[in-house]
Structure formats: C-alpha cells, structure tokens
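*Asks:* Once you've had a glance at the structure underneath, I'll fire off some questions.
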Amino acid sequence: MGRMTPPELPVPAEASPRAGGFATRTPEKLCVEGVSLRFGGIRALDDVSFTVAPGSLHALIGPNGAGKSSCFNVISGLYRANAGRVRLGETDLTGLAPHKLAGLGVGRSFQNAALSAGSTVLDNVMLGRHALTRGGFLAAGLRLPWTVRAERRHAERAREICAFLGLDAVVDAPVGALPYGVVKRVDLARALAVEPVLLLLDEPAAGMNAAETAELAGTISGIRAELGISILLVEHDMGLVMGIADRVTVLDFGRRIADGTPAQVQADPDVIKAYLGTEAA
Ligand SMILES: Nc1ncnc2c1ncn2[C@@H]1O[C@H](COP(=O)(O)OP(=O)(O)OP(=O)(O)O)[C@@H](O)[C@H]1O
C-alpha cells in the first residue's frame, strides 16, 4: 500500500484559472437517529440509532436479514426511511439522492462493483471524480485552458489514489481483465476518488477468499490510518470486522441489539444468541 495525502476538495480550480490547489476537509460525526424502514409488512429497520465518531472505523454487523443493507441504503440515499434522520456533522443527509452525497464528502463502495469492464482502471477512477468537477461536459468539450489543467490535476490525483491502493501496475488495464480481488480495490479507488470524509463500504469481503479478505482488512485499516477519514463498514464476516473496527453496532431483526468495542459485542449474550441462532437455523 502506498502513501497518500488526506482528503482534498477542489477549491474552484475548474471555475477559476488562477485557483490551483486542493483544500482539505476534516471528518465529521455521522449520526443515524431513530431510523425505521418498512417493506409492506416487514420491519427492515426499527428505530435504529448509532454514531460513527469522526475518523473512526465503525462496523455494522448482524446475521442474515438483520437489516444491514437496508441501513446502508438509507444512509447512502438509495432508500427513504419511514422515520428518523441521518446527519453528517450539521448537514442533514436524510433523503438526499446518492449523487448529492458524493459532493458532500460521502464515498461508497458497491457490493457488486459497478465498474465499466471495458474501460481502464484510471478511467473508472476518473469517473468517481465527476462529483468534484465544476466545468461540466460542455466546458471539457470546448477544451478551455483551465478545464485542460483541471483535468490533468484530476488524472494525477486519480493515479495517486491508484498507487495508494497498490494498483499502479494495472492503471491502464481494462477492468474486465482483472481478478476479482483487484476489481474490488478498483471499486475502493473509485470511492476514494470523490475525496470522501466518510467512506461507506457495503460487504466489501463478499465473494472473497481468506487471503483476499486478509489483504482487504489491511487495505481498509491503511485507508483509515493514512487518510484519517471515517469509515462505516457493513459486513457479514465477523472475523474481518473484529480485527479492524474501533466500534461495532449489531443489528438483529431490524433492531440494534448491541453497540460497543469489538471485545464488548463479542461477549454480549444477545449477540452470541443472534449469531448462534442463525447458524443453528
Ligand atoms: N427490497 C426489499 N423488499 C422487501 N423486503 C426487503 C427488501 N430488502 C430487504 N428486505 C427485507 O428486510 C429485511 C432486512 O434485509 P436486509 O437485506 O437489509 O438485511 P441484511 O442484514 O443486509 O441481510 P444479508 O446479510 O442477508 O444481506 C429482511 O427481512 C429482508 O427480507
């Protein structure tokens, strides 16, 4: 894993030919407050609350059908909650569309990496930077000098992000030709390309073997350590979570049943019952 500078935001570099740089942003607290979500008669989430501390690695876990994906989709703007709020610092994220969140510093991964298989790694990562470009396609199409400069800066930063995630050797390769574990890292790079202060990861270890999962754990810890951003990790794999999370929230049947350090939740009788119950089923 390479080195990378903390999250950056283009200060209207594209809007002004003179403004050249990027400004840093600091992570803020994510508050999920009393969120409920129903699908017909099913209560997918029932009054769920938890807080992701700034700069922490927070895991949301639970057995099958516990409501993890539903919660992730409410936070990332894909589902609209029936009740409750989601706030990032002072900003109310409740009900905001996913593309608006990127502009507010929320990056997300996808369970089935939504990448363009025919495009190169770099082009896929550059797509993640569209939330930061202000000139738009028209300005880019006209090749105005400042848009050319901005595009070059974005490409440099995209390469830096790829190098940070150990993708330098494949940066010009088509995504479709890469092994699964590497594709998942490209998806992470695309999520980091929006310069997030909060990174939402949806079951990143799904479909990975033990070696790939161990490598991913190192990558996620490295992102937090190097960039100091907050990470919310929704995960089924208890092993991955317990090794790297600062704090863990556990859901079962749509309700929060525990919230604490990995050691605290691992020893919690309700958590043990929830996981043993599913294994026995
Ligand atoms: N789109 C949907 N329509 C109807 N019911 C849904 C939908 N999505 C989820 N549910 C239901 O909501 C509950 C919570 O599901 P959810 O997928 O959020 O759980 P999960 O913890 O992510 O499970 P898994 O680990 O299996 O992915 C389940 O009972 C599920 O069947």
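No lab work stands behind these numbers, since they all come straight from the coordinates. Just so we're clear, the structure is a prediction, and the values are computed from it rather than from any experiment. So basically every Cβ, Gly included, is an ideal-geometry build from the backbone, and we count neighbours across all protein chains shown.
*Asks:* Mind checking which aspartates and glutamates have their C-alpha under 13 Å from LYS29, skipping anything on the same chain fewer than 8 residues away?
*Replies:* Filter leaves GLU90, ASP92.
*Asks:* Under a Cβ-Cβ cut-off of 13 Å, what is the net charge of the residues other than SER69 that fall near it, where Lys and Arg count +1 and Asp and Glu count -1? Don't jump to the answer; show the numbers that get you there.
*Replies:* Details: positive: LYS68, ARG108; negative: ASP202, GLU203, GLU235.
Summing Lys/Arg as +1 and Asp/Glu as -1 gives -1.
*Asks:* Report ³J(HN,Hα) in whole Hz for each residue of region 62-77, in order, from the Karplus equation J = 6.51 cos²θ - 1.76 cosθ + 1.60 where θ = phi - 60°; Gly and Pro get x.
*Replies:* The phi angles translate into x, x, 3, x, 5, x, 4, 5, 4, 5, 4, 5, 5, 5, 8, x Hz.
*Asks:* Determine ³J(HN,Hα), in whole Hz, for all residues of region 97-108 in sequence, where each value follows from phi through the Karplus function 6.51 cos²θ - 1.76 cosθ + 1.60 and θ = phi - 60°; x replaces Gly and Pro.
*Replies:* 5, x, 5, 5, 5, 4, x, 9, x, 10, x, 9
*Asks:* Karplus couplings for region 166-179 from phi (6.51 cos²θ - 1.76 cosθ + 1.60, θ = phi - 60°), rounded to Hz, Gly and Pro as x?
*Replies:* Computed from phi, the couplings for region 166-179 are x, 9, 3, 5, 10, 4, 9, 8, x, 4, x, 8, 9, x Hz.
*Asks:* Could the peptides 178-189, 241-252, 193-204, 86-97 be put in order, highest first, of the mean number of other beta-carbon atoms found within 10 Å of their residues? Mind dumping the intermediate values first?
*Replies:* Details: 178-189: 19.8, 241-252: 21.9, 193-204: 24.3, 86-97: 15.8.
Ranked from most to least packed, the peptides come out as 193-204, 241-252, 178-189, 86-97.
*Asks:* Here's another thing I want to ask about it. Quick one: P(r) of region 178-281 from all Cα-Cα pairs, 5 Å bins, percents rounded to integers, in order of increasing distance.
*Replies:* Taking every Cα pair in region 178-281, the percentages come to 2, 11, 22, 22, 19, 13, 8, 3, 0.
*Asks:* Counting only residues 5 or more places away or on other chains, whose amide H sits under 5 Å from the amide H of LEU93 once H atoms are built in the peptide plane?
*Replies:* For LEU93, whose amide H was placed from the backbone, the distant partners under 5 Å are VAL86, ARG87, LEU88.
*Asks:* State, to one decimal in nm, how far the label point of ASP270 lies from the label point of SER116, with both points 7 Å from Cα in the Cβ direction.
*Replies:* Each label point is offset 7 Å from its Cα along the Cβ direction, giving 4.7 nm.
*Asks:* What's the local net charge at ALA191, with K and R +1, D and E -1, over the other residues with C-beta under 13 Å away? Show your work: numbers first, answer last.
*Replies:* Numbers: positive: ARG108, ARG129, LYS184, ARG185, ARG190; negative: ASP187, GLU195, ASP202.
That works out to +2.
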